[in-house]
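As structure tokens, the structure follows; a few thoughts come after it.
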Amino acid sequence: MKTQPFEVRSIHNDQEFDQVMRILDRAFPVGKSFFMDRLSNDSTYDTSTTWIAKQEDAVTSTIQMFPVYCRLENALIKIGGIGSVATDEAYRGQGHCQQILKQASSWMVDEHYDLSLLYAVITPFYEKFGWNVVPQPLYELTTAQLTAAQEKIKHSAAQAFDLQPQYTFIPYEDHYLADLANIYEQFNANRTFTSKRSGNSWTDRIHWPRWKDAEKLLVRHDGNVVAYGLISPVNNEQSSHIDELCYLPGHEAAVLPLLQALVNTRQGLERFVAYLPDDHALADIILAAGGSYTLNHDAMWKVLRFVPLLVKIREILQTRLNNSTYKQQTLCIHLSCAGQHAYLQYANGELEITDIEKQGQHYIDIALSQTLFVGSLLQGFDQIVSLEHSRIIDEQSGNMQQVGDFFAPLTDEARTILQALFPKQASTYYNLDRF
């Protein structure tokens, strides 16, 4: 059958927005109200971020872009989140979604997005258009393990923190929102990959489906809110997400009782999971209770503006080199990723980054896959190498398969440089910020 011509662009009017909602309503079991609540309660929403394919008068396919600003230490990275991807059943297999992804990528480059992130179950589809999997640790514990280990954890936690303050638990109410925002900012100050939330972001999100569906508890000590946590509803596998749990410095001992209180709100819960930085008190609790972390492979990344991103974090990279074994040396490095090339020159404690190669200069060539670059950026070079060396088993064939586009030959010299440029990061992206 001959493919009919179609156009790709952002929506122009409310009628096209309504057609988008009808496609999403048919494509996802949560229904269009989920998407309406998310967008209609986002004060930053702009119609330029809702993209469609249109054939004659029919909207045939759609994606939604979510602008997100994430920290990389004290810098901010602009990320184009992609979600709500759907094609009307009558138009599937005709390349409509593919063209949206291609043109939206170009648009994001023009709008100075550094990276793009999407979450996918069918990852090979998006790999064809430049996104690659970057594994993220997901902590996991059963409620049975938590109950069995609770006394042991309480004892070790009391010894570790040498305090046993009196905590009380209260349900969330909107007048506590400023307290939550303050705790979040203190806990995540300069924490890589965490979302930078504005005041409007907090007042918006209390109307979003994920927030409304979560059970929310606060911890109070001496009349002050010192910690908070959110847990998602129990799914069909009797599992919930700890969507977010943050606490003020010195109140690590609040984490275990808060965790237990959150778990107790969910009848039938057998297991919970959480995205956590490895310096989080909850990570220690989960491992001490016999839990573990697995690798989640649904996050897919695309490098949009490689050189401008490196320029944006130039001072951070310079400081890292100044604190490394290279501080008295001169380096000329050619980094390449996603078909883009950056030339780094480091001398006398100063780092210069450009997209122009200097003639006659000898560069150390380091080719990075997207998985390796983004993983190194957000988690650290050694950490992403360790994660990527873990393999998954294809249950149908029994063959071992490597996830992502990690593998590229690296010399010992290149590895040492990457270790200096991209040290370990106690990073995370909270489930509450997913799109």
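The values are calculated or read from the model by the stated rules, or taken from the named source; none is laboratory data. Worth saying up front: this structure is predicted, and the values here are computed from it rather than measured. Neighbour counts are summed over all protein chains in view; Cβ atoms, including those assigned to glycine, are modelled from backbone coordinates with ideal geometry.
Got a number for residues in segment 1-23 being within 27 Å of ARG197 (Cα to Cα) and either of a type in the set (A, V, I, L, M) or assigned to a helix (DSSP H, G or I) (or both)?
3
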Quiz item: Mind checking whether some residue in segment 39-46 is part of a helix (DSSP H, G or I) and farther than 21 Å from ASP110 by Cβ?
Solution: yes
Quiz item: Counting only residues that are at pLDDT 95 or above, within 21 Å of the chain's Cα centre (by Cα) and among the small types (Gly, Ala, Ser), how many does segment 367-390 have?
Solution: 4
Self-check item: Subset of segment 260-317 [in contact with a strand residue (DSSP E or B) (Cβ under 7 Å, 6 or more places away or on another chain), closer than 19 Å to ASP213 by Cβ and among the polar types (S, T, N, Q)]
Solution: THR265
Quiz item: Pick from segment 125-148 the residues that are part of a helix (DSSP H, G or I) and among the hydroxyl-bearing types (Ser, Thr, Tyr): which of them is surrounded by the fewest Cβ atoms within 10 Å (Cβ to Cβ)?
Solution: THR147
Quiz item: Looking at this structure, is LEU248 modelled with pLDDT of 95 or more and of a type in the set (A, V, I, L, M, F, W, C)?
Solution: yes
Self-check item: Qualifying position, being touching a residue at least 60 places away in the same chain (Cβ under 8 Å) and over 24 Å from the mean Cα position of the chain (by Cα), among HIS207, HIS251
Solution: HIS251
Quiz item: Quick check: anything in segment 65-87 over 21 Å from the mean Cα position of the chain (by Cα), outside the structural domain of GLN238 (by TED's automatic domain parsing) and surrounded by 18 or more Cβ atoms within 10 Å (Cβ to Cβ)?
Solution: yes
Quiz prompt | Check on TYR363, under 23 Å from TYR429 (Cα atoms) and of a type outside the set (S, T, N, Q) | solution = no
Exercise. Can you tell me which residue among GLN55, GLN15 is surrounded by fewer than 16 Cβ atoms within 10 Å (Cβ to Cβ) and farther than 30 Å from LYS312 by Cα?
Key: GLN15
Quiz prompt | Of the criteria (1) farther than 23 Å from GLN379 by Cβ; (2) buried (at least 20 other Cβ atoms within 10 Å of the Cβ), which one ASN182 fails | solution = (2)
Quiz item: Tally time: how many residues in segment 10-47 are among the charged types (D, E, K, R) and more than 18 Å from GLY81 (Cβ to Cβ)?
Solution: 7
Practice problem: Working carefully through the options ILE393, ILE364, find the one that is modelled with pLDDT of 80 or more, among the hydrophobic types (A, V, I, L, M, F, W, C) and surrounded by fewer than 20 Cβ atoms within 10 Å (Cβ to Cβ). | Solution: ILE364
